[in-house]
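To start, the structure under review is shown below, and the notes come after it.
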Amino acid sequence: MRSQILIFILAFAALMPCKAQGLENKSLWVPELSIDYQEINSVEVSPNGEKTLITYVDRDKDLIESIRFRVISNTDKQILFETPHGKRYGDVKWSPNGKWISYVTAEEDGSFLGITDAEKFNPIRVYAIPTNSWIESIQWSPNGKNISFITKFSEKDDAPSAYKFGGSSIVRERQYLNTPSRLSILSIDLKNNIFSGPSFLTPTNLAVTNEAGGGKASYIPYSWSADSASLAFSFVPVKEQNFNQETKLAILDIRTGKIKELNQEGPALNPVFSRNGKELAFLVAVTPPMNSPFKKANMVVTGLRVCLFDLEKDKERFLANTPNENPQIIGWDSDGSSI
């Protein structure tokens, strides 16, 4: 049986170039749309389902590396555009209506948050990132009127030169463990091309964080409510920011700027609003007892549990462990009954 499967795969691979030459059925994905010999970072279908966004690493014959993205029409399978070789684009995101794409790029004159039309590459710089800071975890508000991100500050005036793009986000060459990180928001009016901000939503004594500690991976540090009125985020006090950190959760009201800390137990992260905005799914880190040698050695997190917080009743509820104890919350289903 295994040999028959192998023969079929080889035969299919041999036929693919022949089919591409005389292709009449345009519903098929043709080889010309594939990206050969590249590292694919991400593949995302637009919210309206009309296009596909592919971010990939491109190396030329001299091994000069670019990080590019390509937009493909899902109806006729045509490549609408791809970004130029020789540049690097990170944190590439669809707008909620699927008509715009945001990204971060490092240019010769600095680093920028930009957007482009999803039909053709027409880059617009919306925010010049200051030299003593960098941004990450970019998200659009559900109503498409704001772009939010985490602003992190370096102790030296070297942030743009230290940008290094990897995966679908921006990775720092130098890590600043104790630097402040603030939730920030940029207001956008795409109809009139008006961009204002950014403004900081969190104070300097809080560090919005996505680290679980203890060697665990990074997680989504915040999320928007469906009505674009609130943000949930994980944080630690700046003075306590280290690998022993006890991350907490808070809700930010966009209209009033008021921050409410949630009364949940244990280090918490990866908050995701339910569709009706009444509950918050999140992860709680399982840690050893305080007198454990592992605790003293900063080996803090041994596992993660999925929990739910009822925002109306101000009550936390444990939902489940996971097989590998290392989950990440992706989102809720359409009727809000499952995570």
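The values are calculated or read from the model by the stated rules, or taken from the named source; none is laboratory data. Fair warning: this is a prediction, and the values are worked out from it, not measured in the lab. Note: ideal-geometry Cβ built from the backbone for every residue, glycine included; neighbour counts use all protein chains shown.
Restricting attention to the stretch 201-230, the residues that are outside any loop (DSSP other than H, G, I, E, B) and at pLDDT 90 or above add up to 4.
Can you name the residue in the stretch 106-121 that is more than 22 Å from ASP189 (Cβ to Cβ) and not charged (D, E, K, R) and, of all such residues, is surrounded by the fewest Cβ atoms within 10 Å (Cβ to Cβ)? Can you show your working first?
So the first thing to find is which residues in the stretch 106-121 are more than 22 Å from ASP189 (Cβ to Cβ), and the list is 106-111.
Among the residues that remain, those that are also not charged (D, E, K, R) are: 106, 110-111.
Details: ALA106: 22, GLY110: 14, SER111: 23.
Going through the qualifying residues, I end up with GLY110.
Please specify each residue of the stretch 303-339 satisfying the condition of being assigned to a loop (DSSP other than H, G, I, E, B), in contact with a Ser or Thr (Cβ under 8 Å, 6 or more places away or on another chain) and within 15 Å of ALA268 (Cα to Cα). Result: GLU325, single match. If I filter the stretch 69-98 down to residues being more than 25 Å from ASP189 (Cα to Cα) and touching a residue at least 40 places away in the same chain (Cβ under 8 Å), which single residue comes out as farthest from the chain's Cα centre (by Cα)? Result: ASP76.
Every residue in the stretch 93-118 that is assigned to a loop (DSSP other than H, G, I, E, B) and in contact with a Phe, Trp or Tyr (Cβ under 8 Å, 6 or more places away or on another chain), please. Please lay out each step first, then the result.
So the first thing to find is which residues in the stretch 93-118 are assigned to a loop (DSSP other than H, G, I, E, B), and the list is 95-99, 108-109, 118.
SER95, PRO96, ALA118 - these are the residues of the stretch 93-118 that are assigned to a loop (DSSP other than H, G, I, E, B) and in contact with a Phe, Trp or Tyr (Cβ under 8 Å, 6 or more places away or on another chain).
Could you grab me the full set of residues in the stretch 73-92 that are buried (at least 19 other Cβ atoms within 10 Å of the Cβ) and part of a strand (DSSP E or B)? Once the filter is applied, which keeps residues that are buried (at least 19 other Cβ atoms within 10 Å of the Cβ) and part of a strand (DSSP E or B), the stretch 73-92 yields ARG88, TYR89, GLY90, ASP91, VAL92.
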